[in-house]
Every structure is written in C-alpha cells, then in structure tokens.
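Undergrad: Mind having a look at this structure? Questions to follow.
The values are calculated or read from the model by the stated rules, or taken from the named source; none is laboratory data. Please read all numbers here as calculations on a predicted model, not as lab measurements. Reconstructed Cβ throughout: ideal geometry from the backbone, glycine too, with neighbour counts over all protein chains shown.
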Amino acid sequence: MADEKKQGITQIEALINEGKFKEAYNVCNKLLLNFPESRKIRKLQKKIEKTVYERNLRSVKNDLKNLKPLWKEKRYRELVEKLEVLSKYVPGYTPVEKDLFKARQQLQKEQEGAVEDYIKNIEMLIKENKFEEAITKCRKFLGKNSGYQRVALLENKARDLLVVRKLKENKGLLKSKNFKEIEEFLNDLLRIKPGSSKVKALLNKASKRETVALSYEKKDFAYRSLEYIKVLMQKKKWEKSINAFLELLKVDPQNLKALELLDKARKKFDEQLTKEVIIKTKELQKKFRDQKKQNPKNFIRL
C-alpha cells in the first residue's frame, strides 16, 4: 500500500510538471479513495486547483477584454453565452459575475422591447382590419411564448372582430333559405371562435327557421297535391289518384284528409274494376252466343 501511495504521488508530481493538471487531478481523486488521510495528496490536489484557477483567471481576464466589442455592438445574447462559459472556469469571480448580470439585464430589456414592438405590430394589424394576419402572428408568438397574456387577449380580440366582419358580409345568406350553406358558414365561424354564444345562437335560429320552412313547404306541397288529386278524382281517374295519394303520404304521412280521400279512391277503383269485369264478362258471353248461332256444330254440349 505504501508503494502504491508513493508511486501515485510521484506520478501526480510528474503530471503537474508536464502541465497535465486534469490527469493529475484525476489521479489525486483515485488515490484519496484508498488514502483519504494523506495530507501530501490533498496538498497536491489543492496546488492543482490553485494553479488551474490562476491560469484560468489570467485567461478569463484576457477574454473579458476581448468581449468589449460585443458590448459596444450590444450583442447581449452572445455576451451572456460567453460569460456563462467563463463563470464556470472561475466560479465566483466578481468581474465575470457583474458583467453576466448586466448582460442578462440588457438582454431581458432587449427582449421586452422586441415583444413590445411585436405587440404593437399586432395591434396595428387589428386596427387595419387585417384580422387573419393578426391571428396568425399571435399563434406563432404564443407557440414559443405561451405566458404572454396580452398577446392571448389580442388574438381573442382579432377572432371576435373577424367573426363580426364575416357576419356582416354574409347578412344576405343568413336571411336566405339556403340552410345548408348557412350551417356550413356558421360552423366555419365556430372554428375561428370556438364556443361563440353569438354564432351558436344563430345556428339554433337557422335550425328553427329551417324546421318552419320545411313545415310550410310540406303544407304547401300537400295543398297543391290535394288540389291536383281532386281534379283526377273528378275525372274518375282512380288509379292515378291512388298513386298520387301514396306519394303525398310519403311526405305527409299524418295528412288525415289525404288518408280519407285515399280510402274513397280505393273503393271507387274497386267499383270501377268490378264494373269493367262485369262488362267484359257480358261482352264475352254475347260473343260466345253469337258464334254459337253462326256455327252450332262447332260447340258440344256435355
């Protein structure tokens, strides 16, 4: 064990002399696992730390001078990145810590200024009625910076105004009876402004109007159909009347008048068929008698 310790110390000193401080420091750490009480090893470890710190400090001081152009050019993001690296080489070194604090402050101000400009740009787009573009910019910004309530409120405002504008532009459609187009249009608005009570109310209103319109259309169809069927019945065209009634009842199955007249038409049609059968039968009998009179030998009585 003593030989291992002695050889280790010799190796550390050699590495220090060669300027291989990292390797020397690693050897110190390994030896201290077996010889934690060794003052010599700990002294060498502290010597390495002091030497490395002093070297790093000289390098950091030089690097700080080289950063001056960045300060003049206000390249604060780059300054923060470089100073964070330097702070790891000389932890707690006051000049680096002060510069890093200052650079971070300036970067934050710069970012806040950029955000303010971005917000003003969105506000201008809304003022110019460019709502779609404003919404796109808000979504893009919030995708990277979700915590900005002002931008979220501007997006909400742009969506509200876009819905209002589209409603004004489509007043004619909303008053029309193109209910399918109205439904599609209003659902498109709900994609712009999900949960809009105004749009939902208009959807409900359109649905009610469609129900009423269909009801009137059905009544009108039923009335016109009945008038047409009555003419057919007056002309005693019972089969056509029945077919017309069946078509009408497909649209209005609870039409009592149509059901009543259908029953009447069927009875009349049955009567008509019965009469036609009787007439046909009589015609055949007469024809048979006439043929028998003319050629009695052709007929055999059983």
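Undergrad: Answer with yes or no whether Val164 is within 30 Å of Val52 (Cβ to Cβ), part of a helix (DSSP H, G or I) and among the β-branched types (Val, Ile, Thr). Before you say what the answer is, go through the steps one by one.
TA: Numbers: within 30 Å of Val52 (Cβ to Cβ): no; part of a helix (DSSP H, G or I): yes; among the β-branched types (Val, Ile, Thr): yes.
It is false that Val164 is within 30 Å of Val52 (Cβ to Cβ), part of a helix (DSSP H, G or I) and among the β-branched types (Val, Ile, Thr).
Undergrad: Same structure again: Residue by residue through segment 17-26, note down the ones that are surrounded by 12 or more Cβ atoms within 10 Å (Cβ to Cβ) and either outside any helix (DSSP H, G or I) or at pLDDT 85 or above (or both). Reasoning before the result, please.
TA: Just the residues of segment 17-26 that are surrounded by 12 or more Cβ atoms within 10 Å (Cβ to Cβ), to begin with: 20-21, 23-26.
Listed by number, the residues that qualify are Lys20, Glu23, Ala24, Asn26.
Undergrad: Right, here's the next one. Exactly one of (1) touching a Lys or Arg at 6+ places or on another chain (Cβ under 6 Å); (2) at pLDDT 90 or above is unmet by Val151. Its number?
TA: The single condition Val151 does not satisfy is (1).
Undergrad: Continuing with the same structure: Which of the numbered conditions does Tyr148 fail, given that it passes all the others? Conditions: (1) over 24 Å from Tyr76 (Cβ atoms); (2) touching a residue at least 24 places away in the same chain (Cβ under 8 Å); (3) among the aromatic types (Phe, Trp, Tyr).
TA: Among (1) over 24 Å from Tyr76 (Cβ atoms); (2) touching a residue at least 24 places away in the same chain (Cβ under 8 Å); (3) among the aromatic types (Phe, Trp, Tyr), Tyr148 violates only (1).
Undergrad: Now a separate question. Of everything in segment 167-180, what is at pLDDT 90 or above, assigned to a helix (DSSP H, G or I) and surrounded by 14 or more Cβ atoms within 10 Å (Cβ to Cβ)? Give them in sequence order. Give the derivation first.
TA: Taking segment 167-180 first, the residues at pLDDT 90 or above are 167-170, 172.
Applying the additional criterion that residues be assigned to a helix (DSSP H, G or I) yields 167-169, 172.
Selection gives Leu167 alone.
Undergrad: Turning to a different aspect of this structure: Working only within segment 237-259, note down all residues that are of a type outside the set (A, V, I, L, M, F, W, C) and at pLDDT below 80. Write out each step before concluding.
TA: So the first thing to find is which residues in segment 237-259 are of a type outside the set (A, V, I, L, M, F, W, C), and the list is 237, 239-241, 243, 247, 250, 252-255, 257.
If the condition is that a residue be of a type outside the set (A, V, I, L, M, F, W, C) and at pLDDT below 80, then Ser241, Glu247, Lys250, Asp252, Pro253, Gln254, Asn255, Lys257 are the ones that fit.
Undergrad: Can you pull out the residues in segment 132-161 that are outside any helix (DSSP H, G or I) and either among the acidic types (Asp, Glu) or crowded, with 16+ Cβ neighbours inside 10 Å (or both)?
TA: If the condition is that a residue be outside any helix (DSSP H, G or I) and either among the acidic types (Asp, Glu) or crowded, with 16+ Cβ neighbours inside 10 Å (or both), then Tyr148 is the only one that fits.
Undergrad: Sort out which residues of segment 132-158 are within 18 Å of the chain's Cα centre (by Cα) and of a type in the set (A, V, I, L, M, F, W, C), and write them in order of number.
TA: Here is the first cut: in segment 132-158, the residues within 18 Å of the chain's Cα centre (by Cα) are 132-144, 146, 152, 155-156, 158.
Ala134, Ile135, Cys138, Phe141, Leu142, Ala152, Ala158 - these are the residues of segment 132-158 that are within 18 Å of the chain's Cα centre (by Cα) and of a type in the set (A, V, I, L, M, F, W, C).
Undergrad: Could you identify the single residue in Val115, Val164 that is modelled with pLDDT under 90 and among the aliphatic types (A, V, I, L, M)?
TA: On inspection, the qualifying residue turns out to be Val115.
Undergrad: Also, quick follow-up: Within segment 241-288, can you find the residues that are in a helix (DSSP H, G or I), among the charged types (D, E, K, R) and within 16 Å of Arg224 (Cβ to Cβ)? Break it down into steps so the answer makes sense when it comes.
TA: Residues of segment 241-288 in a helix (DSSP H, G or I): 241-251, 256-288.
Next, only the ones that are among the charged types (D, E, K, R) stay: 247, 250, 257, 260, 263-264, 266-268, 270-271, 275-276, 280, 282-283, 286-287.
Hits for segment 241-288 are Glu247, Lys250, Lys257.
Undergrad: Condition check: touching a Phe, Trp or Tyr at 6+ places or on another chain (Cβ under 8 Å) and of a type in the set (Lys, Arg). Does Arg165 satisfy that? I'd like the intermediate steps shown before the answer.
TA: On the way: touching a Phe, Trp or Tyr at 6+ places or on another chain (Cβ under 8 Å): yes; of a type in the set (Lys, Arg): yes.
When the stated conditions are applied, Arg165 passes them.
Undergrad: Assuming Lys65 fulfils every condition listed in (1) surrounded by 14 or more Cβ atoms within 10 Å (Cβ to Cβ); (2) at pLDDT 85 or above; (3) of a type outside the set (Asp, Glu); (4) farther than 30 Å from Phe141 by Cβ apart from one, which condition is it?
TA: For Lys65, the failing item is (1).
Undergrad: Out of the residues in segment 27-50 meeting the condition of being more than 27 Å from Lys88 (Cβ to Cβ) and part of a helix (DSSP H, G or I), tell me which one is nearest to the chain's Cα centre (by Cα). Step through it out loud before you land on a result.
TA: From segment 27-50, those more than 27 Å from Lys88 (Cβ to Cβ) are 34-40; that's our starting set.
Now narrow it down to the ones that are part of a helix (DSSP H, G or I): 34, 39-40.
Values: Asn34: 63, Arg39: 68, Lys40: 69 Å.
Among those residues, the one meeting the criterion is Asn34.
The rows are residues; the columns are (1) in contact with an Asp or Glu (Cβ under 9 Å, 6 or more places away or on another chain); (2) within 30 Å of Glu260 (Cβ to Cβ); (3) exposed (fewer than 15 other Cβ atoms within 10 Å of the Cβ); (4) modelled with pLDDT under 75.
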position: Leu186; (1), (2), (3), (4): no, no, no, no
position: Ser197; (1), (2), (3), (4): no, no, yes, no
position: Leu203; (1), (2), (3), (4): yes, no, no, no
position: Arg209; (1), (2), (3), (4): no, no, no, yes
position: Glu217; (1), (2), (3), (4): no, yes, yes, yes
position: Asp220; (1), (2), (3), (4): no, yes, yes, yes
position: Glu227; (1), (2), (3), (4): no, yes, yes, no
position: Val231; (1), (2), (3), (4): no, yes, yes, no
position: Lys235; (1), (2), (3), (4): no, yes, yes, no
